[in-house]
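First comes the structure, then the notes that go with it.
Derivation of every value follows stated rules applied to the coordinates shown; laboratory data play no part. Worth saying up front: this structure is predicted, and the values here are computed from it rather than measured.
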Amino acid sequence: MKLTSIILWVLMIVCIVVAALSLLGDVHNPMLYTSYILLVIVSIIAVGSGIAAVISKGTFKNVIIGLGAVGATVLVSYLFSSDQVLPLYGDITSATSRISDVLLICMYICMALAIGSVVYSSISRLLK
C-alpha cells in the first residue's frame, strides 16, 4: 500500500471520529479545530509538492505564471471590493469588511473561470 493511501485512510478515520464526537458528545467545536489542522496539513502538502515539481522538472516559468494569475485575481478583487460596513453586519471593522469582500469577489472570479473553462472545453469538443 502506498504512503499516500495510508495517509488518506488515516485522515478519513480521524474525520469520521471527530464528526461522531461532535454529533454525540459534549465536545465544543471539534470539527472546527480539525478543519484548521487539515487546512494546515493540506497547505504544507500543496506547497511542498509545488516546490518538488519545480525542483524536479524545472517548470519555474509555469509556477511564476500561476502565481502571477493568482496575484492578479486578488488585485482585481481588491480593486472592486468595498470597506463599507452595513448595520446588519454587526460589530466588525471596515478592514474585516474589506477582507471578506475581497475573498468573496475572488471566489466569484474563480467560479466564473471554472464554469467558463468547462463550457469552453465542452463546446470545443463538440466542434472537433
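So here's what we get for this one:
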{"item": "Mean Cα-pair separation over length for the stretch 60-128, i.e. relative contact order, pairs under 8 Å, 6 or more apart, %", "result": "28 percent"}
{"item": "Pairs of Cα atoms farther than 13 Å apart, the stretch 60-128, %", "result": "71 percent"}
{"item": "Residue-wise HN-Hα coupling along the stretch 76-81, computed from phi with Karplus coefficients 6.51, -1.76, 1.60 (Hz; x: Gly, Pro)", "result": "4, 4, 5, 5, 8, 7"}
{"item": "Relative counts (whole %) of C-alpha pair distances in the chain, using bins that are 5 Å wide", "result": "2, 8, 9, 11, 13, 16, 18, 13, 7, 3, 1, 0"}
{"item": "The chain, relative contact order [Cα under 8 Å, separation at least 6], %", "result": "13 percent"}
{"item": "More than 16 angstrom apart: percent of Cα pairs within the stretch 51-93", "result": "60 percent"}
